[in-house]
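Remarks on the structure that follows.
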Amino acid sequence: LEASFSVIQEENGPINGLITVLHDVTEQEKIEQERREFVANVSHELRTPLTTMKSYLEALEDGAITDPEIAPRFLGVTQNETERMIRLVNDLLQLSKIDSRDYRLTLQWVDFGQFLHSVIDRFEMIAEEKNIEFSRAITAHPTYVQIDRDKMTQVLDNIISNAMKYSPEGEGGNVVITLLHQGHNVRVSISDQGMGIPRENQAKIFDRFYRVDKARARSVGGTGLGLAIAKELVHAHRGEIWVQSEYGEGTTIYFTLPYSTFKGEEE
Ligand code: ADP
């Protein structure tokens, strides 16, 4: 409920009354407002790379194209911006699919430990180039959960690539990935020794388009949608996702998935 007050008063005269208007800010209005903000964000995010590209293309047209030093650089910029837009549009399409009412996961039983190892293996090469070392504390106990492999791969890709993106440039560091059993859940964690996230920003990082440091996120090529997608997909798997971070020290992203002992697999 929102309230607004108006005072009824002739100029410098006595106060004759007070009007109180109560607005019922319904769920519907909130959704409507979020939708408007989302569209504004999308438009802004698309306009930025387009404006950059336009000015570089104009410079090329105005003569830069014949300069053998400058031309490839300017083309490189437009290429980068195009790639950023493609990433953005792909992320948006993915979110709009998740938002649609008939969104379905294609579930299968997977030994999550093995699955996690295979995802991390794919990152090993890029990690090495960035001086990042993965440490794995993954339970060897068979851990069968029902997941959509492609979607869960995306969750992990988004979180692991953040851990690498926000690790100290050049210095790299350690990225620790754990898998353990916790009651009726399996719990995954991905920790980095990166820049961390100030406490007041932590709750928002799973929101669409939220970025702690816009400039930094832009320079590392972020869309601001990676964790929002991860959150939606984890929730679709009936899990939870959260963050623990110390500014300047590092960040850990945790998520859980409901655990089921595979039939025939006795505890
Ligand atoms: P982006 O594409 O900008 O990385 P995400 O949705 O993946 O978008 O993340 C949202 C924001 O949360 C990032 O812009 C960054 O500010 C912050 N963030 C996410 N992961 C980390 C991390 N491991 N360390 C520090 N900050 C992070």
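The dipole here belongs to the chain: it is taken about the Cα centre, uses +1 on the Cβ of Lys and Arg and -1 on the Cβ of Asp and Glu, and is about 440 debye.
With both labels modelled 7 Å from their Cα along Cα-to-Cβ, the Val39 to Asp99 distance reads 1.1 nm.
Counting only residues at least eight positions apart within a chain, or on another chain, the aspartates and glutamates with an alpha carbon under 15 Å from that of Lys214 are Glu45.
Set the Förster radius R0 to 30 Å, insert the Cβ-Cβ distance between Glu129 and Thr52 as r into 1/(1 + (r/R0)^6), and round the FRET efficiency to 0.05. Once rounded, the FRET efficiency stands at 0.65. Normalised by 2.2 N^0.38 Å, with N the number of residues, the alpha-carbon radius of gyration of the chain equals 1.31. Quick one: of Lys165/Lys231; Lys54/Lys165; Lys204/Lys231; Lys30/Lys204; Lys151/Lys231, which pairs are farther than 22 Å apart, Cα to Cα? Those over the limit are Lys54/Lys165. Computed log10 I(q)/I(0) for the range 4-79 at 0.13, 0.16, 0.19 Å⁻¹: -0.65, -0.76, -0.86, from the Debye equation with unit scatterers placed on every C-alpha and solvent omitted. Normalising the average separation of contacting C-alpha pairs (under 8 angstrom, six or more residues apart) by the number of residues puts the relative contact order of the range 155-267 at 31 percent.
Taking N as the residue count of the range 124-267, its C-alpha radius of gyration divided by 2.2 N^0.38 Å amounts to 1.07. Long hydrophobic helices in the chain, taken as whole DSSP H segments with a C-alpha length of 24 Å or more on their own axis and mean Kyte-Doolittle hydropathy at least 0.0: 112-129.
Think of the chain as a dipole: +1 on every Lys or Arg Cβ, -1 on every Asp or Glu Cβ, centred on the Cα centre; then among Leu75, Met53, Gly113, Gly113 lies furthest on the positive end. Charge dipole of the range 30-167 (Cα centre as origin; +1 on each Lys and Arg Cβ, -1 on each Asp and Glu Cβ, all else neutral): 580 debye, rounded to the nearest 20. State, to one decimal in nm², a quarter of the convex hull surface area for the C-alpha atoms of the range 36-184, i.e. the direction-averaged projected area. With every direction weighted equally, the projected area is 13.1 nm².
Rule-based calculations on the coordinates, nothing more; no lab input. Fair warning: this is a prediction, and the values are worked out from it, not measured in the lab. When we count neighbours, we look across all protein chains shown, and the Cβ atoms used for this are built from the backbone with ideal geometry, even at glycine.
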